[in-house]
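No value in this document is a laboratory result; all are computed from the given coordinates. Because the structure is predicted, anything quoted here is derived from the model rather than measured. Counting neighbours? That spans all protein chains shown, and the Cβs are built from the backbone with ideal geometry, glycine included.
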DNA sequence: GTAACTGCAAAATATTTGCATCCTT
DNA sequence: AAGGATGCAAATATTTTGCAGTTAC
């Protein structure tokens, strides 16, 4: 086991412990999948990558726990396919998801642009704005070449 | 049958014919539900409002046809619940859905703010932007009072 | 040891498909 | 009359729930 791998193990355990989640095989595995993928993942793609090793129900419960504890956040989309991505600075019960999400029409990946914050948008009188999420469709850097 | 009702009937038939959809009971009913509701609707709420009169499968196929023909558009959300709203100026195969959508955390309604257009957002070099969708969470006018 | 987590079975829900019949044009 | 739309039945797929056994702490 190389040093890089070991430090990743430690990092994963820390993320879980900080949220009061016990460190189990399935959680380590699913979290490592997120850490290895910069793009957003669906339940289906996680189940596939995790292999036969984990029960489908465990994947559902793990994603739910991760979302509640602020490890991942759900990303808006127009289909019925819930996507999740790693949170940068989320806490339990509080998601900092006000950055832009980019959906590439070529490769189909959804990417968090953590550094691009949502703009403030002037609404008509009478609305209280709590959170602005932006979903941009287009062609990503890799696909545009 | 009053004049208002009659003109609505005519309006509905025109919308369907313009898209080369034959004018059937289920399509008239579902389209009338959309016309009567300013907020976005899920498959479930449409099925409920249509009553026992129509088969569940017909509702699926009707919504799919409406979306393809540009009568309604799907609205992004973070749950797994597809929402649809009437298009203002959509054509077959081309949705003008670049306006802001507002999700009220109090009443749960999703509202199209047709007059609030999506801002242009500067992205890092290398992305091609085709479409910007904005989803705002907050409290709507009715709930804020 | 105890509380939390997992896997299995099964239920509940949601969505899709094929086909015979009916309706719109 | 012909093609498209619907309803029904059934196949798939997705998500949730309960519970008994297992694991982390």
**Message:** Going residue by residue through region A:54-69, is there one that turns out to be surrounded by fewer than 16 Cβ atoms within 10 Å (Cβ to Cβ), more than 11 Å from DNA strand C (Cβ to nearest atom) and either more than 12 Å from chain B (Cβ to nearest Cβ) or more than 25 Å from residue B:120 (Cβ to Cβ) (or both)?
**Reply:** no
**Request:** Go through the residues of region A:20-27 one by one and say whether even a single one is more than 11 Å from DNA strand D (Cβ to nearest atom) and more than 17 Å from the chain's Cα centre (by Cα).
**Result:** no
**Complete:** If we take region A:87-145, then strands (runs of 3 or more DSSP E) inside it with 1 or more residues that are without any contact (Cβ under 8 Å) to a residue 60 or more places away in the chain and either touching a helix residue (DSSP H, G or I) at 6+ places or on another chain (Cβ under 8 Å) or under 22 Å from residue B:143 (Cβ atoms) (or both) are A:99-104, A:128-139
**Complete set of residues in region B:53-64 that are touching a helix residue (DSSP H, G or I) at 6+ places or on another chain (Cβ under 8 Å) and within 7 Å of DNA strand D (Cβ to nearest atom)** = B:53, B:54, B:58, B:62
**Message:** Take the conditions part of a helix (DSSP H, G or I), crowded, with 18+ Cβ neighbours inside 10 Å and touching a helix residue (DSSP H, G or I) at 6+ places or on another chain (Cβ under 8 Å) and apply them to residue B:9. Does it pass?
**Reply:** no
**Request:** From (1) over 11 Å from the mean Cα position of the chain (by Cα); (2) at the interface with chain B (Cβ under 9 Å from one of its Cβ atoms), pick out the condition that doesn't hold for residue A:97.
**Result:** (1)
**Request:** Search region A:70-86 for residues being within 14 Å of chain B (Cβ to nearest Cβ) and in a strand (DSSP E or B), and hand back the single one that is surrounded by the fewest Cβ atoms within 10 Å (Cβ to Cβ).
**Result:** A:74
